[in-house]
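Student: There's a structure below that I have some questions on.
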Amino acid sequence: MLSRMALDGTRAAIDRVDDAMIILLGGRQRLAGLAGRLKRHAGMAQTDPLREQQVHQRACRLARRSGIPPASAERLMRLLIAEAHRWQARPSTFTSEPFPPMATTGTSSSRGDSSTSSLLRWLPPPRRLRPWLSRVPRSMRERLLLRLLAPALATPQVRRILDSINGRRLGIDVRDLDLRWVLVMEADGLRLADGVAEATVSGSATDLLLLASRLEDADTLFFQRRLMLTGDTELGLTVRNLLDRLPWESFPLGSRILLQRGARVARDARHAYRVHHGEVA
């Protein structure tokens, strides 16, 4: 009995390591796509044998220090480099812009316009709004959330993509606003549910806005631990992959404009506030 429990615990730990590896792989692929765009913009060859050799050598040195056969590390790096080549060769990874959207997020507008920055720094962080939001009736907050989300998820194309998670309980936890919801996608649309979510995405209001507006990449936000995934990790990763496939252009234009503008203001205000208070260099 104890051996079975120990085995189950070990397997659960292996699952967590596997989940982390998949998330790290996603982050590496995004960075590989960025490297491909930068090389293309600079007129460089897409493959760099010297760089690949250095990657293999680093992996083998680390493998020896970690007690792992260097041959195993060598096979793993060959696979990762091959995947990076395929990722960089995808037409969708190349745009007319030398940098991807996530490279322009963060501070460009707040640094570029000092007058805007000086105004934005006076916007209070979302956490300051928590006492006021607590006075809003819960039913009103829930109706507002559904009104914002339901139209974006109502198109047939989006519903087909999300069909595989019908009936699953997904949580959203806005930490700095102390707001929590459990959402369920059903045949007749999105609804709020009581009880505990099977998987929960938690983060600040600003980072969740950046994720929803696609101004920042999900892999980046999770890798930097600005967003956290708890509960059923497999379900959470499935949702994360499904969200990546959602056709952004099919969402109502007004919602897209409002969401992206709101996310930009929140992002720039956060940076301006941190600079003003000496929280960033």
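Student: Just give me the residues in region 210-246 being in contact (Cβ under 8 Å) with a residue 12 or more places away in the chain, surrounded by fewer than 18 Cβ atoms within 10 Å (Cβ to Cβ) and of a type in the set (Lys, Arg), in sequence order.
Tutor: Once the filter is applied, which keeps residues that are in contact (Cβ under 8 Å) with a residue 12 or more places away in the chain, surrounded by fewer than 18 Cβ atoms within 10 Å (Cβ to Cβ) and of a type in the set (Lys, Arg), region 210-246 yields Arg226, Arg245.
Student: State yes or no: is Arg135 of a type outside the set (Ser, Thr, Tyr), under 27 Å from Val265 (Cβ atoms) and assigned to a loop (DSSP other than H, G, I, E, B)? Give the steps one after another, and end with the answer.
Tutor: Details: of a type outside the set (Ser, Thr, Tyr): yes; under 27 Å from Val265 (Cβ atoms): yes; assigned to a loop (DSSP other than H, G, I, E, B): yes.
Spelling it out, Arg135 is indeed of a type outside the set (Ser, Thr, Tyr), under 27 Å from Val265 (Cβ atoms) and assigned to a loop (DSSP other than H, G, I, E, B).
Conditions tested, residue by residue: (1) assigned to a loop (DSSP other than H, G, I, E, B); (2) at pLDDT 90 or above; (3) farther than 17 Å from Leu146 by Cβ; (4) not assigned by TED's automatic domain parsing to the domain that holds Val17.
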| residue | (1), (2), (3), (4) |
| --- | --- |
| Leu162 | no, no, no, yes |
| Thr200 | no, yes, yes, yes |
| Thr206 | no, yes, yes, yes |
| Glu216 | yes, no, yes, yes |
| Leu229 | no, no, yes, yes |
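Student: Which condition breaks for Gly167 when tested against (1) modelled with pLDDT of 80 or more; (2) closer than 30 Å to Arg274 by Cβ; (3) over 19 Å from the mean Cα position of the chain (by Cα)?
Tutor: Single failed check for Gly167: (2).
Student: Of the residues that sit in region 27-45 and are farther than 22 Å from Glu216 by Cβ and surrounded by 12 or more Cβ atoms within 10 Å (Cβ to Cβ), which one is farthest from the chain's Cα centre (by Cα)?
Tutor: For region 27-45, the residue satisfying everything is Met44.
The values are calculated or read from the model by the stated rules, or taken from the named source; none is laboratory data. No experiment lies behind these values; they were computed from the predicted model shown. Cβ coordinates were reconstructed from backbone atoms using ideal geometry, including for glycine residues, and neighbour counts include every protein chain displayed.
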